[in-house]
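*Asks:* I am attaching a structure below and will ask some questions about it afterwards.
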Amino acid sequence: MHLPDHLLFLLAAGAFPVYSVWRMNAAPAATADAEPVSRTGTYLATIGAMAAALAALLGWWAWAGRPFASLGLGAGDGPAWALASASTATTALALLAVPAAAARSARVRSWLDRELADSLRGGLELILPRTPREFVLFAALSAMAAVAEEIVFRGFLLWYLGAVLPWWAAAPLAAALFGACHGYQGPAGIAKTAAMGLALCLLYLGAGALWPAMAFHFFLNIFTARLAYRHVFGGR
């Protein structure tokens, strides 16, 4: 390993979680005003920051002459990749059935309302879209996050930690760091995000490539935002 590898690790494992904690602590002050901080500005700034971090990582990887497959950007592992892709598609279809089931069942609707209320505690509610324009920008942010976060927190961190740890220790640690970077969602949100990060780690390790994890990551972000947009904020 070289110095840029250690600096990139410190960025992912140190700077991002610290920023997330600061953002969580700053969130209550933002809600004191009638209108919270600009969501569109937050979306654009976050897209820019993620793009810069991703460009730095990929640029260093290319300059060092390393194969991008070592970051999870390869073709995947044949049958395992196909199984991971099928599992991702099946889960996505199951999630798509939730709104339809909620429309037909009061019990499912009550469960969905509770889940949304729990998910929106903390700072997450502040950044979810409320208007059609915000939803479009949030979709762009979700796409960038699905690519950048998977490459950084699955591809790079598992490569970095895997140099000194077995995969069964590296995966939970990478997942915990991923959860810590979502500190603005509060303790429950951190735990849920870490658990999802671990599932995405296992999906990546099983498939041998990041593409299924990227697709699932994007779909989950959009699914959550769409449910909140329609069922909480009254969008269409």
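*Asks:* How do the pairs read when you match residues in the range 155-174 that are in contact (Cβ under 8 Å) with a residue 40 or more places away in the chain with residues anywhere that are in a helix (DSSP H, G or I) and of a type outside the set (A, V, I, L, M, F, W, C), using Cβ under 7 Å and keeping only pairs 6 or more apart or on different chains?
*Replies:* Pairs found: Trp159/Ser70; Tyr160/Asp5.
*Asks:* For a quick check of your reading of the model, give me the residue pairs whose first member lies in the range 205-227 and is on the phi > 0 side of the Ramachandran plot, whose second is assigned to a helix (DSSP H, G or I), with beta-carbon atoms closer than 7 Å and at least 6 apart or on different chains.
*Replies:* Gly208/Ala80; Gly208/Trp81
*Asks:* Of the residues that sit in the range 181-197 and are over 16 Å from Ala213 (Cβ atoms) and surrounded by fewer than 20 Cβ atoms within 10 Å (Cβ to Cβ), which one is nearest to the chain's Cα centre (by Cα)?
*Replies:* Lys192
*Asks:* Now for a different question. Can you name every residue in the range 129-153 that is in a helix (DSSP H, G or I) and charged (D, E, K, R)?
*Replies:* Arg133, Glu134, Glu149, Glu150
*Asks:* Hey, another quick one. Kindly indicate which of Leu200, Leu177 is closer than 13 Å to Val152 by Cβ and open to solvent by less than 20 Å² (accessible area, probe 1.4 Å).
*Replies:* Leu200
The values are calculated or read from the model by the stated rules, or taken from the named source; none is laboratory data. Remember, predicted model here, so these are calculated numbers, not experimental data. Virtual Cβ from ideal backbone geometry, glycine too; neighbours counted across all protein chains shown. Calculation scope for accessible area: heavy atoms of the full protein, side chains included, ligands and nucleic acids excluded. Shrake-Rupley method; radii C 1.70, N 1.55, O 1.52, S 1.80 Å.
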